[in-house]
Amino acid sequence: MGVLDSREPKGPLANKWTNHKNEIDLVNPANKRNIDIIIVGTGLAGGSAAATLAELGYNVKTFCYQDSPRRAHSIAAQGGVNAAKNYQGDGDSVYRLFYDTVKGGDYRSRESNVYRLAEVSTNIIDQCVAQGVPFAREYGGLLDNRSFGGVLVSRTFYAKGQTGQQLLLGAYAAMNRQIQRGKIKSYTRHEMLDLVLVDGKARGIIARDLVSGKIERHSAHAVVLATGGYGNLFFLSTYCMGANVMAAWKAHKKGAFFANPCFTQIHPTCIPVSGDHQSKLTLMSESLRNDGRIWVPKRLEDAQAIREGKLKPTQLGEEERDYYLERRYPAFGNLVPRDVASRAAKERCDAGFGVNKTGEAVYLDFSAAIMRYGREKALTSGMKDVDDNTIRELGEKIVEAKYGNLFQMYEKIVDENPYKTPMMIYPAVHYTMGGLWVDYNLQTTIPGCYAAGEANFSDHGANRLGASALMQGLADGYFVLPYTIGDYLSDDIRTGPISTDSPEFDAAEKNVTDKLEKLMSGTGIHSVDYYHKKLGKIMWNKCGMSRNAKELKEAIKEIAELRKDFWENVKIPGRPDSKNQELEKAGRVADFLELGELFAKDALERNESCGGHFREEYQTPEGEALRDDENFKFVSAWEYKGEPSDAKLHKEDLVYENIKVKTRSYK
Amino acid sequence: MKLYLKIWRQKNASTKGQMVDYTLDGVESDMSFLEMLDILNEELISKGEEPVEFDHDCREGICGTCSLMINGRPHGPDSMITVCQLHMRSFNDGDEIVIEPWRAKAFPVIKDLIVDRTAFDRIQQAGGYISVNTSGRPVDANAIPIEKEMADKSFNAATCIGCGACVAACKNASAMLFTSAKVSQFALLPQGQVEAAERVENMVRQMDLEGFGNCTNTGACEIECPKGISLENIARMNREYLSASVKG
Ligand SMILES: Cc1cc2nc3c(=O)[nH]c(=O)nc-3n(C[C@H](O)[C@H](O)[C@H](O)COP(=O)(O)OP(=O)(O)OC[C@H]3O[C@@H](n4cnc5c(N)ncnc54)[C@H](O)[C@@H]3O)c2cc1C
Ligand code: SF4
Ligand code: FES
């Protein structure tokens, strides 16, 4: 081990995927019946993979910790899914989507993977429409599109602010069809606690039935991990409460390299933190940036007066506002990519212009859009001499039709009407570009262990553009894995069922029960949340939106100490042999406490700024990220060697043959 | 503020449950209802007691996991929201709050406030899909134009989050609103037409098998549904069902 073979096909970029598919080994349909595949995770990546592999004839077992596959975190995605359909005739193409994605990711993703993603993106929309996903449509009955941060074309397909829900229900329906046919066996309220290797190959998992507490063995010829991202290690994030790194981390400990752990996306438009009790942060879809203008007051006194409640934002005139994105990035304005928008907000707030009590918020203002839409509506409906109030009302209706559920969500949380007063937003942890290292076939460094969706590292580089996580999850599950996994499984047609009665399963199960016992045996003093919150604070303060060597070194030390304290002093009530949510959380936080350290180590190692990774020591005089392509144009892939501090770095050099690597500019 | 909580505690499906009283101080008005329970649980854990288990995940009103009866109403006193979107500003200092799990025969209690809603999954497995292959190459998406009004109606039905509040609100524990939303989503789209009759028959059959009650048109489901799923869907499902059985 140690050599990272990406298995990128040779030949011209545009033909790589087709050629690869032609050369890949196939499994005869009759033999597929004799092959079992475990899929952990039923979000967009896992759900779509399960449905498709079952349809092809494999026997699939799916696992998720929720009570239904339909509740996977993908359900929460709001804004949309990209595809290079060029339905709007605005110059979009597969190449342009590929180019935007590689550039948006700050040239830290693998060219061939991204090109394939752009290539199959168009199929995704066809597929989902055929399944009955109710995308937004224009009056003529054709599909509608909108635009997202970091690009200048409208290629995002959406279903109001609930795109993830509708796409996931599509994949879930496809799964249901296969469950009904008996080709998928769905294990809900089950958590994977370890990966089992036999002769160096992934051959099964150890899972815990979260209701009975029973430890179970499940075997298969291959294991797919589609378990989502690990952003929850920050405690406060836009992730669902149960999001975790457990499955990926256990695979890492068994030999799967973990790639780019420090690449984390901070999303610019979230509802700001309001107090210490807070358990999670809520995202306001980026699509709002199409119509909302972002600003802070120009004068420090005004910002202060607003913070003290003496001044209202609506009292400030145009010339008293600083539309800082439009000022700094005239070409893209409010639509700059997320990393750029997030840092710009932090910069203004750090300089004292923040507008909420804690000084960590900027405005997202819809008044101009409301009036613009209102005027248009008045004109097109032949209304003459209408007053401003009527125009505003007309405009509000149009904005409501576009973003109604988001505005409602905001009002419920903040208790302010965003139609009347600008929203307050602040960046929050939202997506992890890092994950298990995979080759072109989505196989990890463990033979037979695959990773799909947010759980792998492959397509987004150092920053993910909006609406492309859903695209990647579905591409992996519907269109990539079903081919590439066959290449591996074609060697397994004579293997027969894998027994769970082997020393390897015994050892893995013992490992799991020992760990559970150890967690439960503590006579501890602190709850799991106590540790999770402490870890989150270290991560946000020292490994968050900007990083420096000194603080990263501190973080590494502090996390190691916190981990030690956790294992000595955590307190978990109840028993392991029944439903026990504290125990579930404890297992997840235990892994975060290891990953957190590797995360900081990775960030410390990368002496450059790129995408979501901003090292204060490496910036241009204007405060923009300063990449070092000469020394860091690689994927960092970490090999487990015991303690996170011992992890060994492997580098996959990134080669750009079809794109000229340039400085990213959105000016 | 200070609150007096009465919470249903039940070890598992086979033991009897009971209401237990808790007093909780220091609740702030901008906490969510679930954050209030988090704080209660922190207190219980520090006292060495077992925390109250409740289901939740996204905490932003979309996954449909959270499910609490609060003072006799599914998802609590506000309308058009889930429990995770309910904030403590809807309550007053000194309030007594009764918190129970969903009550329905088809939703057995798993522990404390958590119930088993897999009956909903089985209803969908019975036919809540369009039988199109995912590994094939479907036609171009824009080759199936759909009238905007129909697309919007289908979307509205599709926004059901499968939370089960409709069942919990219904005096008969009927699952008609949920099932009809699923049936309607597909019935309104051209892609879903081909197998419409079979779909509605199978889903309704499964719904009955699961032990949900009958619909007596009381409308409590619509009032408590966090996503505004309309009774129109029940009417549509009934029409679909009738024409399917006539054809059948
Ligand atoms: C609020 C929000 C809005 C977003 N909006 C957009 C958007 O508009 N466009 C876009 O492209 N992307 C968006 N994203 C990102 C996108 O939703 C996610 O990246 C994507 O859905 C991840 O899908 P997935 O299938 O990889 O994982 P998930 O959907 O997270 O699924 C993970 C699955 O793994 C299971 N699991 C995890 N660990 C275990 C374990 N140990 N054992 C068993 N099961 C396990 C879970 O039960 C779940 O089924 C958004 C994200 C958020 C949070
Ligand atoms: S119909 Fe409404 S109340 Fe019933 S499950 Fe769906 S969203 Fe919940
Ligand atoms: S926790 Fe997801 S809807 Fe409430």
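The values are calculated or read from the model by the stated rules, or taken from the named source; none is laboratory data. What you see is a predicted model; the values in this text were computed from it and never measured. Don't worry about glycine lacking a Cβ; one is built from the backbone with ideal geometry, like all the others, and counts go over all protein chains shown.
Quick rundown of the values:
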item: One residue from B:34, B:44, B:86, B:40 being more than 16 Å from ligand 3 (Cβ to nearest atom) and within 11 Å of chain A (Cβ to nearest Cβ); result: B:44
item: Matching residues in the range A:354-383 - criterion: being in a loop (DSSP other than H, G, I, E, B) and free of Cβ contacts under 8 Å to residues at least 24 places away in the same chain; result: A:381, A:382, A:383
item: Conditions (1) without any contact (Cβ under 8 Å) to a residue 40 or more places away in the chain; (2) away from chain B (no Cβ under 11 Å); number of the one not met by residue A:79; result: (1)
item: Condition met for residue B:82 (out of contact with any Gly (no Cβ under 8 Å at 6 or more places or on another chain) and of a type in the set (Ser, Thr, Tyr)); result: no
item: Filter result for the condition that a residue is assigned to a helix (DSSP H, G or I) and in contact with a helix residue (DSSP H, G or I) (Cβ under 9 Å, 6 or more places away or on another chain), over A:403, A:426; result: A:403
item: Test: residue in the range A:568-586 that is touching a His at 6+ places or on another chain (Cβ under 7 Å), surrounded by fewer than 19 Cβ atoms within 10 Å (Cβ to Cβ) and part of a helix (DSSP H, G or I); result: yes
item: Test: residue in the range B:43-59 that is surrounded by fewer than 19 Cβ atoms within 10 Å (Cβ to Cβ), more than 16 Å from ligand 2 (Cβ to nearest atom) and of a type in the set (Phe, Trp, Tyr); result: no
item: Residue that is nearest to residue A:625 (Cα to Cα), among those in the range A:531-542 that are buried (at least 17 other Cβ atoms within 10 Å of the Cβ) and touching an Asp or Glu at 6+ places or on another chain (Cβ under 8 Å); result: A:542
item: Residue count for the range A:6-46, restricted to those that are in a helix (DSSP H, G or I) and crowded, with 21+ Cβ neighbours inside 10 Å; result: 5
item: Test for residue A:244: is it within 14 Å of another protein chain (Cβ to nearest Cβ), crowded, with 24+ Cβ neighbours inside 10 Å and over 27 Å from residue A:160 (Cα atoms); result: yes
item: Extreme residue, nearest to ligand 3 (Cβ to nearest atom), among residues of the range B:62-79 that are of a type in the set (Ser, Thr, Tyr) and either surrounded by 24 or more Cβ atoms within 10 Å (Cβ to Cβ) or at pLDDT 95 or above (or both); result: B:65
item: The range B:89-124, residues that are of a type in the set (Gly, Ala, Ser) and away from ligand 3 (no atom under 16 Å from the Cβ); result: B:94, B:104, B:106, B:119
item: Any hit, the range A:305-325, residues being buried (at least 16 other Cβ atoms within 10 Å of the Cβ), in contact (Cβ under 8 Å) with a residue 60 or more places away in the chain and more than 30 Å from residue A:154 (Cα to Cα); result: yes
item: Answer residue from the range A:59-76, given it is under 14 Å from residue A:48 (Cα atoms) and of a type in the set (Ser, Thr, Tyr) and is nearest to the other protein chains (Cβ to nearest Cβ) among those; result: A:74
item: Of the criteria (1) surrounded by fewer than 23 Cβ atoms within 10 Å (Cβ to Cβ); (2) in contact with an Asp or Glu (Cβ under 8 Å, 6 or more places away or on another chain); (3) within 9 Å of another protein chain (Cβ to nearest Cβ), which one residue A:139 fails; result: (2)
item: Hits in the range A:309-355 - residues which are touching a Ser or Thr at 6+ places or on another chain (Cβ under 9 Å) and among the aromatic types (Phe, Trp, Tyr); result: A:329
item: The one condition in (1) at pLDDT 95 or above; (2) part of a loop (DSSP other than H, G, I, E, B); (3) within 26 Å of residue B:137 (Cβ to Cβ) that residue A:478 fails to fulfil; result: (2)
item: Residue within the range B:104-119 that is within 16 Å of ligand 2 (Cβ to nearest atom), modelled with pLDDT of 95 or more and assigned to a helix (DSSP H, G or I) present; result: yes
item: Some residue of the range A:100-110 being among the small types (Gly, Ala, Ser) and facing chain B (nearest Cβ under 8 Å); result: no
item: Test: residue in the range B:68-82 that is part of a loop (DSSP other than H, G, I, E, B), under 12 Å from the mean Cα position of the chain (by Cα) and facing chain A (nearest Cβ under 7 Å); result: yes
item: Residues (at the interface with chain A (Cβ under 10 Å from one of its Cβ atoms) and either under 21 Å from residue A:240 (Cβ atoms) or in contact with a Phe, Trp or Tyr (Cβ under 7 Å, 6 or more places away or on another chain) (or both)) located in the range B:89-108; result: none
item: Any hit, the range B:74-93, residues being small (Gly, Ala, Ser) and farther than 15 Å from residue B:226 by Cα; result: yes
item: Considering residues of the range B:121-140 that are more than 7 Å from chain A (Cβ to nearest Cβ) and either surrounded by 24 or more Cβ atoms within 10 Å (Cβ to Cβ) or under 17 Å from the mean Cα position of the chain (by Cα) (or both) only, the residue farthest from residue B:54 (Cα to Cα); result: B:127
item: Residue within the range A:55-66 that is of a type in the set (S, T, N, Q), within 15 Å of ligand 1 (Cβ to nearest atom) and touching a strand residue (DSSP E or B) at 6+ places or on another chain (Cβ under 7 Å) present; result: yes
item: Residue within the range B:189-196 that is within 16 Å of ligand 3 (Cβ to nearest atom) and within 12 Å of chain A (Cβ to nearest Cβ) present; result: no
item: Residue in the range B:150-170 that is within 16 Å of ligand 1 (Cβ to nearest atom), out of contact with any His (no Cβ under 6 Å at 6 or more places or on another chain), at pLDDT below 95 and not in a helix (DSSP H, G or I) present; result: no
item: Of all residues making up the range B:172-199, the number that are outside any helix (DSSP H, G or I), out of contact with any Lys or Arg (no Cβ under 9 Å at 6 or more places or on another chain) and more than 15 Å from ligand 2 (Cβ to nearest atom); result: 4
item: Residues (part of a loop (DSSP other than H, G, I, E, B) and over 21 Å from residue A:491 (Cβ atoms)) located in the range A:47-69; result: A:64, A:65, A:66, A:67, A:68
item: Test: residue in the range B:217-229 that is among the acidic types (Asp, Glu) and closer than 23 Å to residue B:56 by Cα; result: yes
